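The values are calculated or read from the model by the stated rules, or taken from the named source; none is laboratory data. None of the values given here were measured: they were computed from a predicted structure. With ideal geometry, Cβ positions are generated from the backbone for all residues, glycine too; neighbour counts draw on all protein chains shown.
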Amino acid sequence: MKTSIQTLFAAALLLAGTLPAQAQEAAPSIGDRVNDAFATFTGPFVSFIFAPIPGTGFPWIVMWLVIGATVFTVYFSAVQFRFFGHAVALVKGDYSDPNDAGEVSHFQALATALSGTVGLGNIAGVAVAVGIGGPGATFWMILAGLLGMASKFTECTLGVKYRNEYEDGTVSGGPMYYISKGFDELGLPGGKILAVLFSVFCILGALGGGNMFQANQAHVQITQITGDYPGLITGFIFAAVVFLVIVGGIKSIARVTEKVVPFMGLMYVGAALIVLVVNYDLIGWAFGQIFAGAFTGLGVAGGFVGALIQGFRRAAFSNEAGVGSAAIAHSAVKTKEPITEGFVSLLEPLIDTVVICTMTALVIIISQQLMIDQATGNYMLNEAGDAIATVDGNSGVALTSAAFGSAIGWFPYVLSLAVVLFAFSTMISWSYYGLKAWTYLFGEGKTTELIFKLIFCVFIVIGAAASLGPVIDFSDAAIFAMAVVNIFCLYFLMKVVRAELNNYSARLKSGEIRKFSH
Amino acid sequence: MKLVIGLDGHSSGESALAFAKDLAGKTPLCELIVVYVIEWSPFSFQTAEENAQRHKRREEEIALARERVVDPAVAALRDAGLEARAIVRHGDVADTIDNIAHAEGASQIIVARNSAGGLTSRLFGSSTANLVMTARVPVTVVA
């Protein structure tokens, strides 16, 4: 029964992905029709997830994430600020038992989770936020990042607490495990159904936002340097490399990526710092624009509400706080105290959003790519009136690239490489998240895993080759649907985390938990 | 008296072992602690899948180190009538050997001259050289 459901599910997924691609190759018009059919089929779901709150232009899903983050911040009495120093000490290894050396450290779990979130959201997403919402969007983005730290804390603590540890020493964890086990423990009904629902959304999100979107954007970025060529080629190359890593077990490629990606991240922040240092006299002005824009909009479409929506939305897209993906990555850490991984994980939105996204935003603002009406001091809108006019008409990655390029001429080439590597590392991370949801539904096993991995590779080719707006919309909606299920369940499970927090704090204060001398 | 013998799995470790055996044979109530350190850093980068399998891999690495390096060494020392035990740890080689020697209250660390050469050791120094420079316990380097 399980196998037949698995086969049906796999077939449905492949059909959903391959139809548009095959159709597009045959005749664009048929491809368009299939895309339209797909959009019609999935449209209600996408529209529901991104629907605005009546009377506003504010998508309710963004409000859902922000309210969740605010509730967790209040419920845990601003845990992200009270335990910030402790989180840093944990990452440094001050509280790690030397006898556990060789196990997954807090630093490694954090770095792995970060490599899944730092990527296009930090480069392209921020440009979209600032390009539409103006500099003021940065303020709301930072606020959303700070609040999101509490969401990460909650989900990652539960991820470790309720993970499965198997006899062979491997582990599996994440929302599907804490939802089903946690609800059972609290005597709440529906845990299994919600866990299954989360897993389905996680698989769809992994194949879409964590795969097709990444492949698609990587191809777009490569063609900006090489000139246009069929996406199928990029797709096959990416799929072959990912296949070698996740199916062939060629760990060396993943290791190289895992080493290069943090280096690229540091280089990106370093380049941003250089631009800021060179233009140090404009930093005060830039922050002035951020604060003024946050509350007045400075002429952007939708005024300050437009800035707020863009800031919150892009922060949520970038750091994934409340989505539940990070809980899967963090659950492999070696610790006797699940809450310690919660503390460590709260650094993730800080690094991803508060530091890296803000750097991008500052570079875009300071490079003065956004056009200002000198008479009013407000930003000028483009012809369509839906975004701020830019010097070369750029938006998204191209805007970020132009902003860096205006100060460091060769940096756009490095940025292209960074985008491709970030996309690759995000794909590797999401292949694992999707796999964990897949094995939760269909059971652990080599054949079961292989089926998912092959589907994942096929979707890379589709993502790079086809223009699949509706499919990508649907996949993005699936990632946010994960947050609907996850945050709903976190409201029931947060008392478990509070009990852990109170217990740990008491032992930390009494000196029972203390640093190891290394 | 306690002596810590640091092995690196290479044949040069035999000379350290032979020297320690000889020294222990001349010293009454001498305990030998054979240490093997698996080079590892908590600040390296790994994929999510590697993390999930890390505990299993660690157990395998420790079992392999015991089977191939330290257990035969300890058996040889015990056959010679000496008191010996083994410790296998992950970490930075020099730091870990020094920490173990310090914690055990050893009077001496005995290691072989590092067998690894090449660019890496020229740039960053060998584990033996690092140990000699940083150890809190006297170190004997056997040629």
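Taking residue A:450 as the residue in question, decide whether it is under 22 Å from residue A:208 (Cβ atoms), modelled with pLDDT of 90 or more and either surrounded by fewer than 20 Cβ atoms within 10 Å (Cβ to Cβ) or in contact with a Cys (Cβ under 7 Å, 6 or more places away or on another chain) (or both).
It is true that residue A:450 is under 22 Å from residue A:208 (Cβ atoms), modelled with pLDDT of 90 or more and either surrounded by fewer than 20 Cβ atoms within 10 Å (Cβ to Cβ) or in contact with a Cys (Cβ under 7 Å, 6 or more places away or on another chain) (or both).
Residue A:299 versus (1) under 26 Å from residue A:114 (Cα atoms); (2) modelled with pLDDT under 90: which is the lone unmet condition?
It fails just one condition, (1).
When the residues of segment B:38-68 are filtered to those that are buried (at least 20 other Cβ atoms within 10 Å of the Cβ) and in contact with a Gly (Cβ under 6 Å, 6 or more places away or on another chain), which remaining residue is farthest from residue B:92 (Cα to Cα)?
By that ranking, first place goes to B:55.
Restricting the search to segment A:222-243, which residues are more than 25 Å from residue A:394 (Cα to Cα) and either more than 13 Å from chain B (Cβ to nearest Cβ) or exposed (fewer than 15 other Cβ atoms within 10 Å of the Cβ) (or both)?
Filtering segment A:222-243 for residues more than 25 Å from residue A:394 (Cα to Cα) gives A:232-233, A:235-243.
Those that are more than 25 Å from residue A:394 (Cα to Cα) and either more than 13 Å from chain B (Cβ to nearest Cβ) or exposed (fewer than 15 other Cβ atoms within 10 Å of the Cβ) (or both): A:232, A:233, A:235, A:236, A:237, A:238, A:239, A:240, A:241, A:243.
Taking residue A:426 as the residue in question, decide whether it is within 14 Å of chain B (Cβ to nearest Cβ) and buried (at least 16 other Cβ atoms within 10 Å of the Cβ).
Answer is yes for this residue.
This table checks each residue for (1) crowded, with 24+ Cβ neighbours inside 10 Å; (2) closer than 30 Å to residue B:38 by Cα; (3) free of Cβ contacts under 8 Å to residues at least 12 places away in the same chain; (4) of a type in the set (Gly, Ala, Ser).
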{"site": "A:49", "(1), (2), (3), (4)": "no, no, no, no"}
{"site": "A:61", "(1), (2), (3), (4)": "no, no, no, no"}
{"site": "A:86", "(1), (2), (3), (4)": "no, yes, no, no"}
{"site": "A:91", "(1), (2), (3), (4)": "no, yes, no, no"}
{"site": "A:99", "(1), (2), (3), (4)": "no, yes, yes, no"}
{"site": "A:118", "(1), (2), (3), (4)": "yes, no, no, no"}
{"site": "A:126", "(1), (2), (3), (4)": "yes, no, no, no"}
{"site": "A:145", "(1), (2), (3), (4)": "yes, no, no, yes"}
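Can you name every residue in segment A:71-94 that is touching a Phe, Trp or Tyr at 6+ places or on another chain (Cβ under 9 Å), part of a loop (DSSP other than H, G, I, E, B) and more than 12 Å from every other protein chain (Cβ to nearest Cβ)?
Passing the criteria: A:76, A:83.
Taking segment A:176-221, which residues are in contact with an Asp or Glu (Cβ under 7 Å, 6 or more places away or on another chain) and over 28 Å from residue A:395 (Cα atoms)?
A:191
For residue B:74, all conditions in the list (1) over 28 Å from residue A:168 (Cβ atoms); (2) at pLDDT 90 or above hold save one; what is the number of the exception?
All conditions are met except number (1).
Considering each residue of segment A:330-370, count those that are of a type in the set (Phe, Trp, Tyr) and surrounded by fewer than 24 Cβ atoms within 10 Å (Cβ to Cβ), and give that number. Working first, answer last.
Going through segment A:330-370, the residues of a type in the set (Phe, Trp, Tyr) turn out to be A:343.
Still in the list and also surrounded by fewer than 24 Cβ atoms within 10 Å (Cβ to Cβ): none.
Of the residues in that region, 0 qualify.
When you scan segment A:448-470, do you find a residue that is part of a helix (DSSP H, G or I), under 30 Å from residue A:255 (Cα atoms) and either touching a strand residue (DSSP E or B) at 6+ places or on another chain (Cβ under 9 Å) or of a type in the set (D, E, K, R) (or both), even just one?
The initial filter retains those residues of segment A:448-470 that are part of a helix (DSSP H, G or I), namely A:448-465, A:469-470.
Still in the list and also under 30 Å from residue A:255 (Cα atoms): A:448-465.
From the residues that got through so far, the ones that are either touching a strand residue (DSSP E or B) at 6+ places or on another chain (Cβ under 9 Å) or of a type in the set (D, E, K, R) (or both) too are A:449, A:453.
Scanning segment A:448-470 turns up at least one residue that is part of a helix (DSSP H, G or I), under 30 Å from residue A:255 (Cα atoms) and either touching a strand residue (DSSP E or B) at 6+ places or on another chain (Cβ under 9 Å) or of a type in the set (D, E, K, R) (or both).
Just to be sure before I move on: is residue A:317 surrounded by 15 or more Cβ atoms within 10 Å (Cβ to Cβ) and in contact with a Phe, Trp or Tyr (Cβ under 8 Å, 6 or more places away or on another chain) in the structure I sent?
no
How many residues does segment A:329-339 contain that are in contact with a helix residue (DSSP H, G or I) (Cβ under 8 Å, 6 or more places away or on another chain) and within 14 Å of chain B (Cβ to nearest Cβ)?
7
List the residue pairs whose Cβ atoms are under 7 Å apart, where the first residue sits in segment A:449-466 and is free of Cβ contacts under 8 Å to residues at least 40 places away in the same chain, the second is polar (S, T, N, Q), and the two are 6 or more positions apart or on different chains.
A:449/A:439
Return yes when residue A:102 is among the small types (Gly, Ala, Ser), within 25 Å of residue A:269 (Cα to Cα) and within 11 Å of chain B (Cβ to nearest Cβ) and no when it is not.
no
Conditions: (1) surrounded by fewer than 22 Cβ atoms within 10 Å (Cβ to Cβ); (2) farther than 30 Å from residue A:364 by Cβ. Residue A:73 meets all but one. Number of the miss?
(2)
Can you name the residue in segment A:321-375 that is free of Cβ contacts under 8 Å to residues at least 12 places away in the same chain and aliphatic (A, V, I, L, M) and, of all such residues, is nearest to residue A:68 (Cα to Cα)?
A:372
Identify, from the list A:16, A:23, A:113, the residue that is modelled with pLDDT of 70 or more and surrounded by 14 or more Cβ atoms within 10 Å (Cβ to Cβ). Break it down stepwise before answering.
Details: A:16 fails: modelled with pLDDT of 70 or more; A:23 fails: modelled with pLDDT of 70 or more.
From the options A:16, A:23, A:113, the qualifying one is A:113.
Mind checking whether some residue in segment A:447-456 is within 20 Å of residue A:325 (Cβ to Cβ), among the aromatic types (Phe, Trp, Tyr) and within 14 Å of chain B (Cβ to nearest Cβ)?
yes
Go through B:25, B:13 for me and flag whichever is surrounded by fewer than 17 Cβ atoms within 10 Å (Cβ to Cβ) and either of a type in the set (Gly, Ala, Ser) or touching a residue at least 60 places away in the same chain (Cβ under 8 Å) (or both). Spell out the reasoning first.
On the way: B:13 fails: surrounded by fewer than 17 Cβ atoms within 10 Å (Cβ to Cβ).
Only one candidate qualifies: B:25.
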